[in-house]
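J.: Dropping a structure here in structure tokens format, bear with me for questions.
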Amino acid sequence: MVSLWCCCHYCYYKGRKVWHHDYLFWCGDFNYRIDLTKEEVIDLIQTENFAGLQAYDQLNTQRQSGAVTLQLIRLPPFIF
């Protein structure tokens, strides 16, 4: 993950690093966008060319290049 690369050298409790943890949760808005102008996006939507939109989606292109790893895990609902 891109974000993981930035913090992999930070030390935590007892000198542990990110790689010493069994689970790591990244939460937030990573601000991925579509690399097209507003007019191009509107045109692709109006012509229902969603594959064209996906081709310029920043998250998709980052995943295809290997720069980002995305693994989603479904968790059960929390009961308080």
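J.: Applying the selection to the range 38-69, what residues are of a type in the set (Ser, Thr, Tyr) and assigned to a loop (DSSP other than H, G, I, E, B)?
T.: 47, 56, 69 - these are the residues of the range 38-69 that are of a type in the set (Ser, Thr, Tyr) and assigned to a loop (DSSP other than H, G, I, E, B).
J.: Criterion first (on the phi < 0 side of the Ramachandran plot, at pLDDT 85 or above, hydrophobic (A, V, I, L, M, F, W, C) and exposed (fewer than 10 other Cβ atoms within 10 Å of the Cβ)) does residue 51 satisfy it?
T.: It is true that residue 51 is on the phi < 0 side of the Ramachandran plot, at pLDDT 85 or above, hydrophobic (A, V, I, L, M, F, W, C) and exposed (fewer than 10 other Cβ atoms within 10 Å of the Cβ).
The values are calculated or read from the model by the stated rules, or taken from the named source; none is laboratory data. Only a predicted model underlies this, so the values are computations on that prediction, with no experimental measurement involved. Backbone-built Cβ (ideal geometry, glycine too); neighbour counts: all protein chains shown.
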